[in-house]
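Written below as structure tokens is the structure these notes are about.
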Amino acid sequence: MISFSNVFYEIAVILAIATAVGTLALWLRQPLIMAFIAVGILVGPAGLNLAHSTEQVELFAELGVALLLFVVGLRLDPQEISAVGSVAIIAGMAQILITGCLGYAIALALGLTIVSAGYVGITLAFSSTIIIVKLLSDKREIEALHGRIALGILIVQDLVVILVAIALAAFTNNSQPSNFGQATSIILVKGFSFLAFVAIVTRYLFPKLLHVLAGSVELLLVFAISWAIALAAVGDALGFSKEVGAFIAGVSLASTHYRATLGARLVSLRDFLLLFFFINLGIHLDVSHFGSQFVPALIFSLFVLIGKPLLTMVLVGMMGYRTYTSAIASFSLGQISEFSFILATLGVSLGHIPAEVMGLITFVGLMTMGLSTYAILYSHNLYEWLSPWLSWFEAILPHPKKQLGDLAEANIPPVDIILLGLGRYGGSTIRYLHQYGFAVLGVDFDPQLVKYWCKEGMLAFYGDVEDPEFIASLPLDRAKWIISTLPGERIGLTLLHALKHRHFPGKIALTSHSIREMEILKDAGADLVLLPFRDAAKEAADQLAQLELKTRC
């Protein structure tokens, strides 16, 4: 066993190991999340036993989680959250109930006691807010429709976890069911009071306060972090989780003019502190029961990885959402939650379940968190691979819901160009094309950008280019050009494949950031490949050369 005389030395060694293992994972094209969990196991009691200052690591982990949920809340306008509120509540509650019951039945069939089976069923029903939000944020899909649906379901799950914890404590201290009702009433009163306080502060105090603080970006950043940590602490003290408090703090600033600045500056700090969350998770993994629990853990893991996403996809589809949206949202939920570990630990401390069941839940958590990471990262590829087997899905479920800016039922005038992607490059492109007199239909999967361009008088709709069902809804027979300003070989090839399948008669322009990708896309059938950085550099060089020639003359 190696021990350090100073906490600083210990953290330095852990970070060095994390860097080395992370580099190896990057070289092997593996998710960094799994690398950092492996680092936790390596430096923890099951490995080299280097980590003894676990309280400090846990503190950094909690700060990282709070900032993660704060940044997520910062990017979500309350109106966007309410847009998916019904599907989040109905599908979320139904998923928890059905998954819990099925997990309970499987646990009983495997020989667990009634109480142990109940705990296992409950822990399988929840998904990891931290992992899902982190990966969706990295993919820039947290604001997409499927990302907002997944986030809404996660919020419902977190609130149910709180009620389950209250129920366990109430029935343990006093077996009378009235205690649970009383405790629930108290937590609801606290919750409404908390939200009312935040709403009043946001409405009456923040406009003037933020205007003053904005004079110094550093001070504004310090305030935002303070606000996030403070509400996380208040949420925890009131019986909610730190995550819920931090999320509410972010939402309270989401409608201000400063959310983009704050979000951009907090990302690096968030990612650094989240490193400690995953290391802390690995440190506290109990691997002593893994050998004896392998077969049950494998069965439960397959249920969570396959059964839970399939169930969620059906439930979201029953709410009228497209197969693509339902599937991509459900792929995110194929793991158990960090709160599952908390509930299992509570069960052990209360004497409800033995340590072996805790080891089983831990093993399932490690397997599902690891494998579901790949499902989230490669969700679009996974959907494309599974799409031939999902044809039954369309036949048995209701007609797709009319989503934000849905093209399927829109009365679209004739257009010359369909422009996919309305960000900085796409936004400038649509302006110039409009000035040249082209009739342009703009498409983006960011609802805020769609609303902005609609207000600017442009024809803009919400949609995901990688959704083949959405591509089918485009007015392909009217357009002469389809231009995608979204860079990347995978997106370009996916679009080319979908348009060829639909027999698009016009020309296709794609965007790339490298010569290698440009050649691949041209060989695949693109009529034109745009290179924004090269074209911008050439334009800048031409202007400089012309000015220099004028100066010499």
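Any read-out appearing in this document is the output of simple, stated calculations on the displayed coordinates, not a laboratory observation. Since the structure is predicted, the reported quantities are computational estimates derived from the model, not experimental observations. Please note: Cβ atoms are built from the backbone with ideal geometry, for glycine as well, and neighbour counts cover all protein chains shown.
Numbers below:
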{"read-out": "Acute angle (nearest 10 degrees) that the helix 145-173 long axis makes with the longest principal axis of the chain, alpha-carbon atoms", "value": "10"}
{"read-out": "The stretch 436-495, dipole about Cα centre (Lys/Arg Cβ +1, Asp/Glu Cβ -1), debye to the nearest 20", "value": "280"}
{"read-out": "Table column - 3J(HN,Hα) (Hz), the stretch 12-27, Karplus curve with 6.51, -1.76, 1.60, x for Gly and Pro", "value": "4, 5, 4, 5, 5, 5, 4, 5, 5, 5, x, 5, 4, 5, 5, 5"}
{"read-out": "Calculated Rg and Dmax of the chain using C-alpha coordinates, Å", "value": "25.6, 95"}
{"read-out": "Using θ = phi - 60° and Karplus 6.51 cos²θ - 1.76 cosθ + 1.60, couplings along the stretch 436-442 (whole Hz; Gly, Pro as x)", "value": "7, x, 7, 8, 10, 9, x"}
{"read-out": "Amide hydrogen neighbours beyond the local backbone of residue 486, cut-off 5 Å, H modeled", "value": "511"}
{"read-out": "Relative contact order %, the chain, counting alpha carbon pairs below 8 Å whose residues are six or more apart", "value": "16"}
{"read-out": "Cα-centre dipole for the stretch 51-396 with unit charges at Cβ (Lys and Arg positive, Asp and Glu negative), debye to 20", "value": "620"}
{"read-out": "Set of lysines with alpha-carbon distance to residue 451 below 17 Å, sequence-local pairs under 8 removed", "value": "402"}
{"read-out": "Euclidean distance between Cα centres, the stretch 271-324 to the stretch 479-501, Å", "value": "33"}
{"read-out": "DSSP-loop trypsin sites (Lys or Arg not before Pro) across the stretch 54-163, with at most 16 other Cβ within 10 angstrom", "value": "139, 140"}
{"read-out": "Nearest-20 debye value, the stretch 417-552 charge dipole, Cβ charges on Lys, Arg, Asp, Glu", "value": "400"}
{"read-out": "Charge-dipole axis of the chain as Lys and Arg at +1 and Asp and Glu at -1 on Cβ define it, positive-most pick from 536, 189, 47", "value": "536"}
{"read-out": "Within straight-line cross-link reach of residue 500, lysines at Cα separation under 19 Å, skipping those fewer than 8 residues along the same chain", "value": "480, 522"}
{"read-out": "Three semi-axes of the equivalent ellipsoid, the stretch 179-316, Cα gyration tensor, whole Å, largest first", "value": "37, 22, 16"}
{"read-out": "Along the chain, longest interval not containing exposed GluC sites (Glu not before Pro), exposed being DSSP loop plus at most 16 other Cβ atoms within 10 Å", "value": "1-408"}
{"read-out": "Along principal axes, Cα extents of the stretch 417-552, largest first, whole Å", "value": "57, 38, 24"}
{"read-out": "Net +/- balance of residues flanking residue 66 in space, Cβ distance below 11 Å, scoring K and R +1, D and E -1", "value": "-1"}
{"read-out": "Inter-label distance, nm, simple model (7 Å from Cα along the C-beta direction), residue 13/residue 454", "value": "5.8"}
{"read-out": "Percent of alpha-carbon pairs separated by more than 20 Å within the stretch 1-160", "value": "65"}
{"read-out": "Amide H contacts of residue 460 (H built 1.01 Å from N, under 5 Å, at least 5 apart or other chain)", "value": "442"}
{"read-out": "Computed E for residue 272/residue 541 - FRET, C-beta separation, R0 30 angstrom, nearest 0.05", "value": "0.20"}
{"read-out": "Set of aspartates and glutamates with alpha-carbon distance to residue 550 below 19 Å, sequence-local pairs under 8 removed", "value": "539, 542"}
{"read-out": "The stretch 507-513 - phi-based ³J(HN,Hα) in whole Hz, Karplus 6.51/-1.76/1.60, Gly and Pro as x", "value": "9, 10, 10, 10, 10, 9, 10"}
